[in-house]
Structure formats: structure tokens, C-alpha cells
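Colleague: Input: one structure, supplied below.
The values are calculated or read from the model by the stated rules, or taken from the named source; none is laboratory data. Everything quoted here is computed from the prediction, not taken from an experiment. When we count neighbours, we look across all protein chains shown, and the Cβ atoms used for this are built from the backbone with ideal geometry, even at glycine. Heavy atoms of the whole protein, side chains included, go into the accessibility calculation; ligands, DNA and RNA do not. Shrake-Rupley method; radii C 1.70, N 1.55, O 1.52, S 1.80 Å.
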Amino acid sequence: MTYLIAKVEWLRRIHLSFMVIVFFFSAVLINAQTQKDTTTIKLQEVVVYGDEAGKNLTDPLMGRVSIKDKLILNLPVMFGEPDIVKTLQTLPGVSPGVEGFTGLYVHGGDNDQNLFLYQGLPLYHVSHLGGIFSSFNVFTVRSLDFFKSSFPARYGGRISSITDIGMNQPDFEKFTGKFSLGLLGGNAYISAPLVKEKTAFSVGLRRSWIDAISIPTLAIMNQVQKKKGEKHIAQYAFVDFNMRIDHHFNQKSKMYLVGYYGYDNLKIGERLFESREDKNAVMNSGDSDEPSRFFDEDINRLSWGNWGVLGAFDYRLNNGLLHASIYHSNYSSSYKQEKEYQANLSDPSTYGYNRSHTKNKIKDVGFKVSYMGEFGEFYLFESGAGFIHHAYLPEGLLNESREGEELFSDDNNSPDVSANEGYFYMDNTFNITDRVAFQAGLRGVTYHIQSHSHNRLEPRASLRINLSPDYSIKAGYARMYQFVQQISSNYINLPTDLWQPITAELKPLQSDQYSLGLYGNLPHSMYFSVEGWYKDMQHLLEYREGISSLNPNLNWEEKLTAGKGWSYGIDLSVSKTAGKFSGSVGYGLMWNRRKFDELNQGETFPAKFDNRHKLNINANYSLNEKIEFNAGWTYMTGNRLTLSLYNYDIPGDQFPDAPSVGAPNLDEITGVDYYSKRNNIRMPAYHRLDLGMSIHRLLKNGKKGIWNVSLYNAYCRMNPITIKKDDVNKIWEAKGNQWNRVFKTFSFIPVIPSVSYTYIF
Amino acid sequence: MKYVYFIIIALLLNSCYRDIDLNKHREMEGENLLTINSIINPDSTVAVAATRMFFFSDVHNERVVVSDLDIELHINSEFIEKMRFNAQRKLYESVSRPAIGDVVSLQTTFNNTKVQTADIIPESVAIESINAERQGPMHIYSGNDYLLTYRITFSDNPDEENFYFLQYDVVDKRYDVDMGERDFTSEFVFQQLAKQVNGTLPGWEPYSFYGLPFSDRGINGKTHTLVVKEKIQGEFSNLTAQKQMNREFKLYAISKSYYNYLVSLLCNRSDDGGIHGGMIDIGVADPIKVYSNIDGGIGILGSYAVEPKVIDIFSFTGKFPQ
């Protein structure tokens, strides 16, 4: 009996153990299964995490952020203009550069190391109005994928980040659209079918109307100034135009055509001519009935922008997608300074001019074919190849002057440079088990320029291991190359900074990035990520020091010097995307260094945007269906700059007979600025609060109006953008004169309220 | 409501500039670096100014002279003498006088750091001829202005890279017609200078009260005529009162180091019309370091040679009409 009871007990325990084990594995399998779905559902509590949380946990790629159009539209920004790049600036690991400008410095990289693809069309210098607005019309944007740590092998050409912007597909059913009016510009988007369910188009147009205000204002001012013989000229406008036409052949195949045009034009100057006082003076002198007529005009013209077209064809196979595309992309910038004069309109010999013109151009023509296939649940394969022909005008300089009959011309155009780039890639994603996924990719590039080829391989790898249904760890590695660079000696990205290709004399920029991270889901529809990263950069380019003393006829390559950089840090992010209250907190910790043999006496120095800490808090609260509040708070350790702390004497009046160009400052005693080390000073910390409110109004026939009111920099913190030296305050004292020399911070962005109205139909 | 407006305006007009204390960034290097300045020529003995740098926001009303240095003068690698400090002029002075073509070098030690520099005295260049012509009265700034055009001819030595500096000025302010505005913009060599100063961002124009440097790029080995101008405003000048209008033309031959130094000073003038100067002024552009050839220190050792020429403008143009 005892034996039987013991045996039954043993069996019971085995059975219980077995049931526990079965239950455990079932739970794991159920959760593992649900991880693969786009919507994650827990057994006891129905919580829909959505795409973002799922991707955060399961996507083997690290540092990938997918942003929907709603987030871009809701973020309170300067002048109320939604801006893709400003949205990206709020992410951890991304430094915004100088306030107000759409700079993007990702994981310690520079602004020109970011590739922007607009539905596959590459664009250069993506900003309007000096960077205050980005080049992308958010009404045309459906989605945005931003990569900063790991990169799929299909992307290449830049070493810091990829921003892949997906356009809205046109509406195949009905005529729809949006109009928006803001303080500085207007935005329109319409979409309609041409053949229902077969062919449809969409068009987006955005234009500033600063000139609509400035032109009549200046006309009034100039009417008043006319008697003084002065006319002021100032005009600025930007426009961007997007177009898309889609045609569905059948359920399997479709094609689309995309067009983009975006340009800025700035004109500023003055014209002087005979004034009423001149006329009166001459008439009173009795020398002549009419004063001599003359003019003296000084005009600066700056224009820049992109245009491009892309045609693509998609064919859906049983378990995959075949894609082919062809495109033409064109970037140009131009700066003209013209001084034209004639001292006496009756005497042609008094006519003259000085003109200088600087140009920079890039034309890309490319095509690509790719295939993406899913083979069961365990293997995803993507492969492709492409070719791009680049035509560069790296530096076009023309100086012309005329004095009467004498003409001087100096055309120092660098010759056009052509390059051919061919590439192939493949990406393999293995879901080895339910817990482990591994992505291995390879991209090969050959870049042929000036009878020289740069052949490079770019390995990519990512690993994801699910520790539990709610936590995973990931690791990644990526090598990237870049064959064109925008060299700048400024802290703000200007269109006058030249895009210049890598040549036979210069090596391609290279980055190797290593990443490791922990990802997880939290209660209440929240998820988090903690990513550590290290990036090594080689063959970075800067202008050589002492460029002023170099031969102005030097080839542009000879003005440059190469060096290296490295950066490392941690990106932490917590997000909540569901419910009435949503938002995110992002924190980035970073170190960012550079070393050039020919700069800073060969010593290591911090990069300009070595922002040690960065904290972004974004919040969105939907009070009800009609009213939404948004807020954003940003804190960042200050940028670095090169500031002269000490001054030293010039020869000056101690050598009175020596030739001199005069003291650089008002006072000889102040002397000359002494610069010891690059980026030696850190600016004060930066912080800012933005508030916004959207009021949705349902109108007749399903139409909708949205009022948006926002306050940029709500507590008016005058964040300094630079530090300068001020020595103009002279204090006269009984014992002698004394200069009051101080360091001063310079700020220029106060609180900026804005309002806009969007009409959706 | 008025109170609200006042707050808003006060906020908006909140100073864009604010003082900041950077004393915590004082550097050992800045406190201990010696400044050496010396501009030498074959017509005088060698003089050297030795001073210390100063932290910009410190009270600093006169040069801080270093008077206890042992400065050695070498000419053509041969030690010549130790220079003596003249307390009245606050300069170290030599007894010897260098000649054209001499390599002059200075050596000293300051705070255990060896400081040395060298430069070569260029050969002077002769002005072969000067011609002047006058236009006006015409409108430049007012209806009673005159434009004088000067053509200065000289020959460049083809065997080497040459650097120059042009200055022209009134001889005697008591008796000569007042100096007008110097205009270098029409002259090719100064357009080359403008290209160099501006880099790829044009905007700087060759105007100067003091004169301007130029190089022989584009005129190497040639006989070249410099065309420069002087704009005289009739209402502000003593045109008819003065009986003479002498102008002294100085075409300096300068050393390469001194040329680089002068050009780098021009590149740092943030008060010019160039975009880069403007951006340096508000602090959003990388500054351009002023050139220095002092090893272990800072400053400049430059050299020049000159043969001035004086002409009476009225001998070419006649006097100004009454």
C-alpha cells in the first residue's frame, strides 16, 4: 500500500512537473509567436503595443527609428512649421548644431555625412532659409525611417545616418487635399485618381511669402528714401514642389513617377543715384541746369536647391518583391556679388563693374534593381545592384572687372569632375530560433574618378536575442564609406559650403560603428531602449590652417587636409505611443574627438558638437477629439567653439616706418587674437521649452480644419549661439584711458509665437 | 494691458549680448608665451619689441614689456651681438645694420623656452615712372568730387617669388591738398589679393587707409603698371586753398613672412564687407590665425626695403579749378 501511495505520489509529481513544463513552454511559444505579429497581445491583459514597440523589440537593426507623419506634425517648432529634420534633432545621439538651423550631427559625425532619400531620390543640402526650414513638405510624407547605428546593406554613400522618407501614395478613390497657412509661408497638397483604382496623382507645393510682405514694405521705404538718392533691395523666397503619379497594372505590378523641385533665392543690396539735394545744390550754384546723373549699385545674389525625377517599377512575386528604378538628381548653389557704377551717365568712360561668382554643382544619374524575398518564417533575403554617374563642379570661381575700356577677367573654375559609382549589396536575415535573429549584409562599391578606382567592401551585421517576451538584447556592426564631402569653415551649414568629391588624391571617408543595446517593453504601453555605441571615422577632411596665405590659384584639393575622428556614447529612450497621453524621453551621453596632423599642432581636440549630455522630453495629451496639447523640453550641454582668450601686441607705432594694414581692432593696445587650441571653449548649456495646442474642427461634408498655436522657447531663454570679444567700451578716467574688454555671449532667438491653419478635404 | 506689453517688449529686447566670465579657462600657455615683434630694413639698425600676452578681459592699458631678455642677433648664421634694451623706447636695439639679402635671425630664452626666428631682407624695387590724371568735378559722393588716377610702373624680378606693399600719402599736411580716399579696386594685383582674402566667399574689397600688400602672381618678371586711385570730396577738402599737391609713393619690397602676416591680418578684419568677416564677427565661423614665424613664441619678424618717390600732382593735372 505504501509503495502504491508512493508511486502515485511520484506519478502525480511527474504529472504536475510535466504540466508546468508544458504550460511554461506554451506560454513562451505563445508570446514568441505573438512577437512576430505586428500587434502584440498579452494573455491576461489586452495591450496593443503597435508597430513601434514591436519593432523596438524584434528588429535586429539597432538605432533605427521609424517616425509617422503625426509625430512630425504635432511637434511644436519654430514658426509653427513642421519639420522633419527638427524632429530628428530631438532624438538621443543626434546633435542639432546651432539653434534655428537644420543641422544634423549624428553620433559625432558632421552635417554632410547624412543621406536623405526622398522616395529613393538622393537630395543634397536639405534646408530652406539658411536651415530654418527643411526641404521636405510634411504633407507629402507618409513615413520616415532613420538609421544611426546599424544600416541595411541597401544603403550607402554616407557614414553617419540615413533618412529614408516615404511619400504618401496618391488617393485612388477620391479627390482629397490639405492647405495650410502659416506666418511665413503656405502649403498645399492635393491628391486624386486619374483612373479610379488604377492611376492617381498627388501634388504638393510650399512657398514662403516673406517677399509678399518685404517687397511692398521696401517699396514704401524706397519712395521715402528716393529724395536721398538711395534704394534698398531685399528679397527672399523659397519654393518646393513635389509630384507623384502611381499606376497599378494589376495586383502584382505597379509603377510610380516622383518629381521634386526645391529652390531658395536671396537678393540683397542697394542702389545710389543722384538725390534731390544734389539737384538743388547744382541748380543753386548756377553751374548747370541739371546735376550729373550717376548710379552706384551693389547687389549680392545667393541661390541654392535641388531638383530631381525618379521612375520606379515594382513587381510582386509569390514570396518576394522585384524593384527597379531610375533617377536624375541635381543640386546647385550660386553666389554672385556685383558692383556696377557709372559716375556720369553722359560719359561712357566712367562706367565700370566688379563681379564675382562662385558656383557648386552636383548631377547624379542612377539606376537600381533589387529583389526582396521571404523564404518561410526563418529567412529573409534582399539583394540589389546599381550604378550612379556623378558630375561635379567642385568650385567655380569667376572674377571680372571693367573700368572704362579696360577689362579684367579671371576665370578660376575648377574643371568639371565626373565619377562613376557601381554597387551591389545583399542582406540576409535569419530567424534562427524564436529568440534569436541574425542579419548579415555586405555592400560592395567601386568608385571611379580621375582614372583612379576606389574599391570598397562594407560589411554589416546585427544580432538580436530575446531574453524574454519583453526584453531583448542586440548587437551591431556597420562599415560605411562616403565619396563626397561638404567642407565648411562655419558652425552653421550654409549653401555656400562646397560639395567636393573624393579624388585620386583623397581617400574616401570611412566609418566603423559598433553598437550594443538592451530593449524592452514596459507597462502602460511603454517601451525603452538603451544603446551603447562606438564610432571610428577615418579620412575626414578639413581646410588647412593658414589658408589665407596659400596660393589662391591652388586646386581645391590642395586646400584640404585629412584626419580622423572617434566618438562614443549611450542613447537612452523611453516612449509611450498609445493612450490619451503619449510621449517620449530621450537621453544621450556622448564624447566626440578629432585628430589631424596638420591642425591644432597635431594634437587631439574635441569636435565642435561635442555635446556631453542631451535630454529631450516630448509629451502629447489628447484632451478630447478636438483638442490636443503638445510640449517639448530640450536640454543640451553647450557646443564647442574656438575662442581667442589671449591677445598679443602688433608692431604698430613702435615701428612707424614699417608698412602696415592698420590694427585689426580699434585700439592698437588690444593687439591681435591668439588662438591656442581648436574648440577650446564650451558654450553655456542650452535649454528650451516649446508648447503647442491643436484644435480640430469638423466641418461640413467630412472636411476638417485644424488651428495650431505654438510657442517656441516659451520661457524665452536667450540661448547663446557664440561668444565674442568686445572692446568698444572705452571708459575715460582721470588717470588715463581705459578699455573695458569683456567676453560676451550672443543670442538671437527669443520666444516665438506662431499660428497656422490647416484645411483638410 | 500696458503692463503686459511692457513685459513682452522687455523680453523681446532682452539683451542679445551678455557678459560671460571665462577666467576658469586661463591657460599656462597664454600666461607664459613671449611676443616678439621686429620689422627690419637695410636703412636702420635692428629693433625688437618683446612683450607678454594678456588675458582679454584683464585690465590692460599698455604693453607689458619684457626687459630682461638676452636676445642674440645673428646675420647669415654668424653671431653678431647681444642686443641692448633701450628703456626709453622700450625696445631692444642693435648696433649693427643688416644689408639687402642678409638672413637676420634672433634667438632668446623665455621661461625656459627657446624662442627664435629668422627672415631675409628683400631687394628694394625702384619705381620707374609715375603718371597722374584727374577727372571731375563729378559725382562720387557729392556733386563736387574729383577722381585722380595714378599709374605706377615698376619691374618685377623674374628669378624669385616677390612680395610688395603699396602706400601713397600726402607729404606735408600743412601745405598739400588733403589726402582723399585710396581706391585699389581697379588694379589687377589687388583683385588677386581680394581673391586670396575671400577664399570662396567674395565680399572683401581692396580699400585701405594704410596701403595694401600684393604678390607677383600674374606679373612675375614683367614690367607692370599699377593703376590706383584717389577720390577727393570737394566739399571736405581744401582744394583751391592749397598751392601744392605732393604725394609720396612708397612701393615696398617685403619678405614672404611679412606678406603672409599682413594678409592674415586682413583676413581677420571682421569690420570689412566680406561675408566671412561678418561671420567671424558674430562668431559662427572658424577664425583664421594670424601668421607668425616665431618658434617658441608669437609675433612677427618681417623685413622690407623701399625707395620712396614724391611727385607734385599739379605738374600733371594743373591746379583745381576755382
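Colleague: Take the stretch A:143-153 and flag every residue that is in a loop (DSSP other than H, G, I, E, B) and within 20 Å of A:ILE67 (Cα to Cα). Please lay out each step first, then the result.
Modeller: Looking only at the stretch A:143-153, we keep the residues that are in a loop (DSSP other than H, G, I, E, B), and these are A:148-153.
Residues satisfying the conditions are A:LYS148, A:SER149, A:SER150, A:PHE151, A:PRO152.
Colleague: Quick test of your reading of the structure: A:GLN510 fulfils all but one of (1) free of Cβ contacts under 8 Å to residues at least 60 places away in the same chain; (2) under 23 Å from A:VAL484 (Cβ atoms); (3) surrounded by fewer than 19 Cβ atoms within 10 Å (Cβ to Cβ). Name the failing condition by number.
Modeller: Status for A:GLN510: all satisfied but (1).
Colleague: Among the residues of the stretch B:137-158, how many are more than 8 Å from every other protein chain (Cβ to nearest Cβ), surrounded by fewer than 21 Cβ atoms within 10 Å (Cβ to Cβ) and within 16 Å of B:GLY318 (Cβ to Cβ)?
Modeller: 2
Colleague: Moving to a separate point now. Considering only the stretch A:570-636, give the strands (runs of 3 or more DSSP E) lying wholly within it that have at least 2 residues that are without any contact (Cβ under 8 Å) to a residue 12 or more places away in the chain.
Modeller: Filter on the stretch A:570-636 gives an empty set.
Colleague: Here's a check for you: in the stretch A:125-142, which residue that is of a type in the set (A, V, I, L, M, F, W, C) and part of a loop (DSSP other than H, G, I, E, B) is modelled with the highest pLDDT? Working first, answer last.
Modeller: Kept after step one, since they are of a type in the set (A, V, I, L, M, F, W, C), are these residues of the stretch A:125-142: A:126, A:129, A:132-133, A:136, A:138-139, A:141.
From what's left, part of a loop (DSSP other than H, G, I, E, B): A:126, A:132, A:136.
Details: A:VAL126: 79, A:ILE132: 70, A:PHE136: 84.
Filtering the stretch A:125-142 for residues that are of a type in the set (A, V, I, L, M, F, W, C) and part of a loop (DSSP other than H, G, I, E, B), the one modelled with the highest pLDDT comes out as A:PHE136.
Colleague: Would you check which residues across the stretch B:33-78 are of a type in the set (Ser, Thr, Tyr), within 9 Å of chain A (Cβ to nearest Cβ) and over 24 Å from A:TYR675 (Cβ atoms) and list them?
Modeller: B:SER44
Colleague: Spot the failing condition for B:ALA47; the list is (1) touching a helix residue (DSSP H, G or I) at 6+ places or on another chain (Cβ under 9 Å); (2) more than 24 Å from A:LYS724 (Cα to Cα); (3) open to solvent by 20 Å² or more (accessible area, probe 1.4 Å), and only one is missed.
Modeller: Unmet condition: (3).
Colleague: Could you check the stretch B:218-254 and list, in sequence order, the residues that are away from chain A (no Cβ under 11 Å) and either under 19 Å from the mean Cα position of the chain (by Cα) or among the aliphatic types (A, V, I, L, M) (or both)?
Modeller: Once the filter is applied, which keeps residues that are away from chain A (no Cβ under 11 Å) and either under 19 Å from the mean Cα position of the chain (by Cα) or among the aliphatic types (A, V, I, L, M) (or both), the stretch B:218-254 yields B:ILE219, B:LEU226, B:VAL228, B:GLU230, B:ILE232, B:LEU239, B:ALA241, B:MET245, B:GLU248, B:PHE249.
Per-residue answers, yes or no, for (1) touching an Asp or Glu at 6+ places or on another chain (Cβ under 8 Å); (2) among the charged types (D, E, K, R); (3) open to solvent by less than 20 Å² (accessible area, probe 1.4 Å):
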position	(1), (2), (3)
A:ASP536	yes, yes, no
A:ASP571	yes, yes, yes
A:ALA578	no, no, no
A:VAL585	no, no, no
A:TRP591	yes, no, no
A:ASN611	no, no, yes
A:LEU615	no, no, no
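Colleague: Under 6 Å between Cβ atoms, which residue pairs at least 6 apart in sequence (or on different chains) link something in the stretch A:337-364 that is at the interface with chain B (Cβ under 9 Å from one of its Cβ atoms) and surrounded by fewer than 17 Cβ atoms within 10 Å (Cβ to Cβ) with a partner that is aliphatic (A, V, I, L, M) and in a strand (DSSP E or B)?
Modeller: That search, which allows pairs on different chains as well, returns A:ASN344/B:MET138.
Colleague: Condition (residue is more than 8 Å from chain A (Cβ to nearest Cβ), loosely packed, with under 15 Cβ neighbours inside 10 Å, over 30 Å from A:ILE721 (Cβ atoms) and in contact (Cβ under 8 Å) with a residue 12 or more places away in the chain) applied to the stretch B:20-28: is it met by at least one residue? Break it down into steps so the answer makes sense when it comes.
Modeller: Within the stretch B:20-28, the subset more than 8 Å from chain A (Cβ to nearest Cβ) is B:23-24, B:28.
Add one more test, that the residue is loosely packed, with under 15 Cβ neighbours inside 10 Å, and what stays is B:23-24, B:28.
Filter once more, so that each one left must be over 30 Å from A:ILE721 (Cβ atoms): none.
No, the conditions are met nowhere in the stretch B:20-28.
Colleague: What tally of residues in the stretch A:292-315 results from selecting those that are over 28 Å from the mean Cα position of the chain (by Cα) and at pLDDT 90 or above?
Modeller: Of the residues in that region, 3 qualify.
Colleague: Are any residues in the stretch A:651-672 open to solvent by less than 50 Å² (accessible area, probe 1.4 Å), more than 7 Å from chain B (Cβ to nearest Cβ) and at negative phi, and if so, which ones?
Modeller: Correct list: A:ALA663, A:ASN665, A:ASP667, A:THR670.
Colleague: Still on this structure, please answer the following. Considering only the stretch A:400-411, how many residues are open to solvent by 40 Å² or more (accessible area, probe 1.4 Å) and either assigned to a loop (DSSP other than H, G, I, E, B) or at pLDDT below 75 (or both)?
Modeller: 7
Colleague: Okay, moving on. Within the stretch A:687-714, restricting attention to residues that are within 14 Å of chain B (Cβ to nearest Cβ) and of a type outside the set (A, V, I, L, M), which residue is nearest to A:SER622 (Cα to Cα)?
Modeller: Filtering first and then ranking leaves A:TYR712.
Colleague: Given the structure, is A:ARG678 open to solvent by 30 Å² or more (accessible area, probe 1.4 Å) and either within 10 Å of another protein chain (Cβ to nearest Cβ) or at pLDDT below 90 (or both)?
Modeller: Yes: the conditions hold for A:ARG678.
Colleague: Please go through the stretch A:96-124 and pick out each residue that is in a loop (DSSP other than H, G, I, E, B) and over 23 Å from A:ARG142 (Cα atoms).
Modeller: If the condition is that a residue be in a loop (DSSP other than H, G, I, E, B) and over 23 Å from A:ARG142 (Cα atoms), then A:PRO96, A:GLY97, A:VAL98, A:GLU99, A:GLY100, A:PHE101, A:HIS107, A:GLY108, A:GLY109, A:ASP110 are the ones that fit.
Colleague: Looking only at the stretch A:308-336, filter to residues that are over 30 Å from A:SER401 (Cβ atoms), among the small types (Gly, Ala, Ser) and in contact with a Ser or Thr (Cβ under 7 Å, 6 or more places away or on another chain); which one of those is nearest to the other protein chains (Cβ to nearest Cβ)?
Modeller: Among those residues, the one meeting the criterion is A:GLY308.
Colleague: Another one. Find the residue count for the stretch A:194-252, including only residues that are of a type in the set (Val, Ile, Thr), in a strand (DSSP E or B) and without any contact (Cβ under 8 Å) to a residue 40 or more places away in the chain.
Modeller: 2
Colleague: Determine whether A:LYS279 is modelled with pLDDT of 90 or more, basic (Lys, Arg) and farther than 24 Å from A:GLY308 by Cβ. Let's see the steps before the verdict.
Modeller: Details: modelled with pLDDT of 90 or more: no; basic (Lys, Arg): yes; farther than 24 Å from A:GLY308 by Cβ: yes.
For A:LYS279, the condition - modelled with pLDDT of 90 or more, basic (Lys, Arg) and farther than 24 Å from A:GLY308 by Cβ - is not met.
Condition check ((1) out of contact with any strand residue (DSSP E or B) (no Cβ under 7 Å at 6 or more places or on another chain); (2) buried (at least 21 other Cβ atoms within 10 Å of the Cβ); (3) part of a strand (DSSP E or B)) across all residues:
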| position | (1), (2), (3) |
| --- | --- |
| A:TYR423 | no, yes, yes |
| A:MET426 | no, no, yes |
| A:HIS454 | no, no, yes |
| A:THR496 | no, no, no |
| A:THR503 | no, no, no |
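Colleague: Here's a check for you: in the stretch A:493-507, which residue that is under 21 Å from the mean Cα position of the chain (by Cα) and closer than 20 Å to A:ILE159 by Cα is farthest from the other protein chains (Cβ to nearest Cβ)?
Modeller: At the first step, the residues of the stretch A:493-507 found to be under 21 Å from the mean Cα position of the chain (by Cα) are A:493-501.
Then drop every residue that is not closer than 20 Å to A:ILE159 by Cα, which leaves A:493, A:497-501.
Working: A:ASN493: 11, A:ASP497: 9, A:LEU498: 6, A:TRP499: 12, A:GLN500: 11, A:PRO501: 16 Å.
The extreme case among them is A:PRO501.
Colleague: Another question about this same structure. More than 30 Å from A:LEU115 (Cα to Cα) and outside any strand (DSSP E or B): does that describe A:ASN318? First the steps, then the outcome.
Modeller: Working: more than 30 Å from A:LEU115 (Cα to Cα): yes; outside any strand (DSSP E or B): yes.
Answer is yes for this residue.
Colleague: Quick one: how many residues across the stretch B:91-135 are buried (at least 16 other Cβ atoms within 10 Å of the Cβ) and among the basic types (Lys, Arg)?
Modeller: Residues that pass the stated criteria total 1.
Colleague: A follow-up question, please. Being touching a residue at least 60 places away in the same chain (Cβ under 8 Å), within 30 Å of B:ARG134 (Cα to Cα), open to solvent by 40 Å² or more (accessible area, probe 1.4 Å) and not polar (S, T, N, Q) is the filter here; which residues of the stretch B:228-267 pass it?
Modeller: Residues satisfying the conditions are B:GLU235, B:LYS243, B:GLU248, B:LYS250.
Colleague: Same structure, new question: Which of the following residues is among the polar types (S, T, N, Q), assigned to a strand (DSSP E or B) and free of Cβ contacts under 8 Å to residues at least 40 places away in the same chain: A:THR433, A:THR446? Break it down into steps so the answer makes sense when it comes.
Modeller: Values: A:THR433 fails: assigned to a strand (DSSP E or B).
After applying the criteria, what remains is A:THR446.
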